[in-house]
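Peer 1: One structure, as structure tokens, below. Some questions next.
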Amino acid sequence: MTLVNSPGRLLVFSGLILLGAGLLIELVGKIPGAGKFPGDILVKKGPVTFYFPLVTCLVISLFLSLLLSFFSKR
């Protein structure tokens with residue numbers, strides 16, 4: 001039985017992914033300087049604020065790529 005063929009397993013797996021993402025978001029908010037790299041885009045015009053963490057996304061992507069490549073090799 002695969003993950004896709006079982007709706008119960010799919011829901012449990014999806015819930016675990018969401019739980020992990022939520023915990024990660026909470027932990028990153030407590031790290032000083034996280035999300036404030038030079039190169040992150042912040043535009044304030046009146047009551048509207050636009051924030052796009054470009055460099056933060058690149059750093060997270062690099063970290064996850066290195067982590068996954070380390071664990072995928074036997």
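Peer 1: log₁₀ I(q)/I(0) of the chain at q = 0.24 Å⁻¹, via Debye over equal Cα point scatterers, no solvent, to two decimals?
Peer 2: With no solvent term, the Cα-only Debye profile gives -1.12.
Peer 1: Between residue 61 and residue 14, what FRET efficiency follows from the Cβ-Cβ distance if R0 is 35 Å, with the result rounded to 0.05?
Peer 2: The pair residue 61/residue 14 has a calculated efficiency of 0.95.
Peer 1: If each DSSP helix of 4+ residues adds -39,500 (n - 2.57) and the sum is divided by the residues in the chain, what number results at 222 nm, nearest 500 deg cm²/dmol?
Peer 2: Computed mean residue ellipticity for the chain: -19500 deg cm²/dmol.
Peer 1: Starting from the Cα gyration tensor of the stretch 32-74, take the square roots of the eigenvalues, sort them a ≥ b ≥ c, and report rounded, prolate or oblate (rounded when a/c is under 1.5, otherwise prolate if a/b is larger than b/c, else oblate).
Peer 2: Prolate shape, in that a/c is at least 1.5 and a/b is the bigger ratio.
Peer 1: Amide H of residue 37 versus every other amide H placed in the peptide plane: which residues, excluding those fewer than 5 positions away on the same chain, fall under 5 Å?
Peer 2: 56
Peer 1: Let me ask something additional. Pop out the ³J(HN,Hα) list for the stretch 53-60 in order, Karplus 6.51 cos²θ - 1.76 cosθ + 1.60 with θ = phi - 60°, rounded to Hz; leave Gly and Pro as x.
Peer 2: x, 4, 5, 4, 4, 5, 5, 5
Coordinate-derived values only; no laboratory data. Keep in mind that this is a model prediction, so the values were computed, not measured. A quick note on method: Cβ atoms are made from the backbone with ideal geometry, for glycine too, and the neighbour counts reach across all protein chains shown.
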